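The values are calculated or read from the model by the stated rules, or taken from the named source; none is laboratory data. If you're wondering where the values come from, they're calculated on a predicted model, not measured in any experiment. Virtual Cβ from ideal backbone geometry, glycine too; neighbours counted across all protein chains shown. These area figures cover heavy atoms from the full protein model, side chains too; ligands, DNA and RNA do not enter into them. Shrake-Rupley method; radii C 1.70, N 1.55, O 1.52, S 1.80 Å.
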Amino acid sequence: MEFIDLGSQYCALKGQIDKNIETVLKSSQFIGGQFVDALEHDLAAYVGRKHCITCGNGTDALQLAYMAYSVGPGDAVFCPDMTFVASVEPAAMFGATPVFCDIDMRSYNIDPASLVSAVEQVRAEGVLDPKAVVVVDFLGNPADMDALTVVCDEYDLVMIEDAAQGMGGSYKGRKLGSFGDVAATSFFPSKPLGCYGDGGAVFTDDDSIAELMRSLKVHGKGASKYDNVRVGFNSRLDNLQAAVLVAKLEKLDEEIAIRQEVAKRYDEALGDLLVTPHIEPNCVSAYAQYIVLAENELRRSRMMDALKGNDIPSLLYYPNAISTMPGYAAFPHELCPCAIAYSERNVGLPFSPYLTEQDQYRVIDAVRECI
Ligand SMILES: *Cc1c(COP(=O)(O)O)cnc(C)c1O
């Protein structure tokens with residue numbers, strides 16, 4: 001059993017994916033090209049945003065967002081203490097200061113109250129300028145957008161949505177990737193919308209920010225490629241990856257619907273024994289991962305051993321809160337007990353829209369038996 005079954009997805013979509021790839025190979029148009037253009041158009045329409053700009057990976061997408069808003073030395077960037085490190089890594093690289101906030105113990109997303117107290121503290125200290133917050137749709141589950149928007153308005157923070165895990169999910173009818181001043185996503189193969197290598201994109205409704213990001217990702221180009229009006233970098237999605245994504249985007253909503261069914265089956269079968277995911281009403285999680293919480297670290301490791309004994313893979317998303325890791329421990333933070341508790345108790349079960357019903361019950365039976 002695969003943790004995420006990409007092979008079955010390929011079999012299901014093979015006709016269209018192979019056809020698109022062959023079109024690219026025959027065109028010899030590898031950098032830029034019809035599928036990159038089509039993807040930017042289709043994905044902007046899908047998410048409900050004016051601009052979609054593709055780039056090399058999700059980390060670059062976040063980097064573009066930070067650069068577009070000139071995040072740098074003296075700026076505080078707030079982010080949840082439980083996320084993938086790339087949410088805030090570019091901010092740190094640009095000399096800004098990440099400030100870690102605790103998560104809400106039901107949604108596992110940034111807790112708006114923790115954000116407010118972190119911003120208040122930074123303000124009171126008067127050393128850093130509260131500049132931006134990275135709002136992560138952790139595990140594909142939408143963050144508390146209404147409450148966070150109020151906080152951003154009140155404190156004049158740039159909102160950067162990190163929707164790397166959220167493609168296909170929605171918050172009160174609005175697709176993830178459409179929130180914040182700018183949103184970033186990743187097409188890493190295991191994400192809800194993944195390609196066959198690296199890829200990423202940013203979304204915005206702001207014409208001038210879009211133009212700026214289009215320049216930054218091509219070495220700071222001006223009117224032409226060899227007229228460099230600012231310092232940028234190189235980050236592009238290639239046409240082959242876009243060809244795969246165009247084919248997969250067509251099926252995304254169908255897959256998201258099946259993800260809900262698989263999640264419901266796990267919820268109903270395991271909810272009495274473990275903490276199963278909590279999704280707010282009117283929200284749809286993209287279920288990038290299906291995570292349960294064991295009672296404690298010891299029980300979690302026993303459960304993982306038992307699953308392994310049954311040839312069932314399980315993984316931690318993630319094993320460490322960011323602020324506890326050596327590369328980030330020196331940045332200022334209050335203790336984030338919920339993020340730490342989550343890191344000790346979480347475990348991801350095999351999950352994908354292509355996980356057979358039989359395998360779902362194998363997982364369920366193995367988990368129930370070992371508990
Ligand atoms: C995967 C991921 C990223 C980074 O994407 P890459 O394409 O691997 O660079 C950023 N943020 C979150 C929350 C992610 O899950």
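With respect to residue 182, determine if the residue is at pLDDT 95 or above and open to solvent by 10 Å² or more (accessible area, probe 1.4 Å).
no
For region 326-367, what are the residues that are hydrophobic (A, V, I, L, M, F, W, C), out of contact with any helix residue (DSSP H, G or I) (no Cβ under 8 Å at 6 or more places or on another chain) and either modelled with pLDDT of 95 or more or assigned to a helix (DSSP H, G or I) (or both)?
Across region 326-367, the qualifying residues are 338, 341.
In region 159-179, which residues are in contact with a strand residue (DSSP E or B) (Cβ under 7 Å, 6 or more places away or on another chain), surrounded by 24 or more Cβ atoms within 10 Å (Cβ to Cβ) and either within 15 Å of residue 84 (Cα to Cα) or free of Cβ contacts under 8 Å to residues at least 60 places away in the same chain (or both)?
Within region 159-179, 160, 161, 162, 163, 164, 179 qualify.
Right, residue 151: hydrophobic (A, V, I, L, M, F, W, C) and either more than 15 Å from the ligand (Cβ to nearest atom) or open to solvent by 20 Å² or more (accessible area, probe 1.4 Å) (or both) or not?
In short, yes.
Among the residues of region 353-363, is any open to solvent by less than 10 Å² (accessible area, probe 1.4 Å), touching a residue at least 24 places away in the same chain (Cβ under 8 Å) and either of a type in the set (A, V, I, L, M, F, W, C) or in contact with a Cys (Cβ under 8 Å, 6 or more places away or on another chain) (or both)?
yes
Could you list, in sequence order, the residues of region 246-278 that are outside any helix (DSSP H, G or I), under 19 Å from residue 108 (Cβ atoms) and either of a type outside the set (A, V, I, L, M) or touching a Gly at 6+ places or on another chain (Cβ under 9 Å) (or both)?
Within region 246-278, 271, 276, 277, 278 qualify.
For region 259-286, what are the residues that are aliphatic (A, V, I, L, M) and either open to solvent by 20 Å² or more (accessible area, probe 1.4 Å) or under 21 Å from the mean Cα position of the chain (by Cα) (or both)?
262, 263, 269, 273, 275, 279, 284, 286
Could you tell me which residue of region 287-308 is farthest from the ligand (Cβ to nearest atom), considering only residues that are open to solvent by less than 70 Å² (accessible area, probe 1.4 Å) and assigned to a helix (DSSP H, G or I)?
306
Here's a check for you: in region 173-187, which residue that is away from the ligand (no atom under 16 Å from the Cβ) and part of a strand (DSSP E or B) is farthest from residue 45 (Cα to Cα)?
This residue is 174.
Yes or no: region 224-245 includes at least one residue that is open to solvent by 10 Å² or more (accessible area, probe 1.4 Å), at pLDDT 95 or above, part of a helix (DSSP H, G or I) and closer than 17 Å to residue 51 by Cβ.
No: region 224-245 contains no residue that is open to solvent by 10 Å² or more (accessible area, probe 1.4 Å), at pLDDT 95 or above, part of a helix (DSSP H, G or I) and closer than 17 Å to residue 51 by Cβ.
How many residues, within region 45-91, are open to solvent by 40 Å² or more (accessible area, probe 1.4 Å), in a helix (DSSP H, G or I) and within 9 Å of the ligand (Cβ to nearest atom)?
2
Does residue 108 qualify as being within 14 Å of the ligand (Cβ to nearest atom), at positive phi and not small (Gly, Ala, Ser)?
Yes.
Evaluate region 312-322: report whether one residue or more is in contact with an Asp or Glu (Cβ under 7 Å, 6 or more places away or on another chain), open to solvent by less than 30 Å² (accessible area, probe 1.4 Å) and among the aliphatic types (A, V, I, L, M).
yes
Specify the residue that is farthest from the ligand (Cβ to nearest atom); the eligible residues are those in region 188-202 that are over 14 Å from residue 158 (Cβ atoms) and not in a loop (DSSP other than H, G, I, E, B).
The qualifying residue farthest from the ligand (Cβ to nearest atom) is 201.
What number of residues in region 105-148 are surrounded by fewer than 22 Cβ atoms within 10 Å (Cβ to Cβ) and not in a helix (DSSP H, G or I)?
Here the count works out to 9.
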